[in-house]
1. For segment 112-163: of the residues being of a type in the set (Asp, Glu) and either at pLDDT below 95 or surrounded by 12 or more Cβ atoms within 10 Å (Cβ to Cβ) (or both), which is farthest from Val85 (Cα to Cα)?
2. Here are the criteria: (1) outside any helix (DSSP H, G or I); (2) at pLDDT below 85; (3) loosely packed, with under 14 Cβ neighbours inside 10 Å. Tell me which single one Pro167 does not satisfy.
3. With the checklist (1) out of contact with any Ser or Thr (no Cβ under 6 Å at 6 or more places or on another chain); (2) in contact (Cβ under 8 Å) with a residue 40 or more places away in the chain; (3) not in a strand (DSSP E or B) in hand, flag the one item His124 doesn't pass.
4. Could you please tell me which pairs satisfy a Cβ distance under 8 Å, a separation of 6+ or placement on different chains, a first residue in segment 1-20 that is under 16 Å from Thr71 (Cβ atoms), and a second residue that is hydrophobic (A, V, I, L, M, F, W, C)?
5. Out of the residues in segment 1-19 meeting the condition of being touching a helix residue (DSSP H, G or I) at 6+ places or on another chain (Cβ under 9 Å) and loosely packed, with under 12 Cβ neighbours inside 10 Å, tell me which one is modelled with the lowest pLDDT.
6. Name, by its number, the condition in (1) in a helix (DSSP H, G or I); (2) modelled with pLDDT of 85 or more that does not hold for Ala22.
7. On the given criteria, is Lys134 over 14 Å from the mean Cα position of the chain (by Cα) and outside any loop (DSSP other than H, G, I, E, B)?
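The values are calculated or read from the model by the stated rules, or taken from the named source; none is laboratory data. The model shown is predicted, which means the values in this text are computed figures rather than measured ones. Cβ sites come from the backbone with ideal geometry, for glycine too, and all protein chains shown count toward neighbours.
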Amino acid sequence: MPSNTLYYGDNLDVLRKHMPDASVDLVYLDPPFNSQRNYNVLFKEQSGLQSPAQIKAFTDTWEWSEEAYQTFLHECRNPRLLNLVQGFTQMLGRNAVTAYIAMMAPRLAELHRVLKPTGSLYLHCDPTASHYLKLVLDAVFEPTNFRNEIIWRRTNSHNKTTRQYGPIHDTLLFYSKSDMFTFHPGCRPYSRAYIEDRLNMSMAEVSIS
């Protein structure tokens, strides 16, 4: 797999055509959900117009497609994932939520395939879909490879407090490919307040003794 390469297009096609098995150390993904926004405006054709491929991908993401669903059922090789997505569809119906699940399921399966045994995946989502995606990830990665649910607190609640509590957090679901995963915990220097507090405690212990 070439390094320093930016792939442009449907990520499912890119994963299947360009990414070999066990070739990736780390995956971070932040797929939008039902935001009613076009996230493809960063990428345009040389003429300045938006790429038709991107517009199609955006539409397929949020609208139910029976063709896309049947393709997933035909191609899925993970029985648990297949049963899970079928169960969601039977329970919730054919709508934007299940279209999103059916879109995410094969991509997460491909991301699992390309991860090295030492690799990890972080999926960034919001409470709208995090509980569905957690079950999809359990089916793909095995529940025993779930490592953490990380809560990222926002700086404001987006002013949605008229008829509900303001949403103030996003969720990151952390999974590993296996028990051999690489993990480097983040560290930063002690704060001055912590050092002074510990120093005062040590001085007090010396005085008492």
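1. By that ranking, first place goes to Asp126.
2. (3)
3. Status for His124: all satisfied but (3).
4. Asp10/Ala53; Asp10/Ala57; Leu15/Leu111; Leu15/Val114
5. Out of the qualifying residues, it is Met1.
6. Of everything listed in (1) in a helix (DSSP H, G or I); (2) modelled with pLDDT of 85 or more, Ala22 misses just condition (1).
7. In short, no.
This table checks each residue for (1) surrounded by 13 or more Cβ atoms within 10 Å (Cβ to Cβ); (2) modelled with pLDDT of 95 or more; (3) charged (D, E, K, R); (4) assigned to a helix (DSSP H, G or I).
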residue	(1), (2), (3), (4)
Ser35	no, no, no, no
Tyr39	yes, no, no, no
Gln46	no, no, no, no
Arg77	no, no, yes, no
Asn83	no, yes, no, yes
Gly87	no, yes, no, yes
Met91	no, yes, no, yes
Ile101	yes, no, no, yes
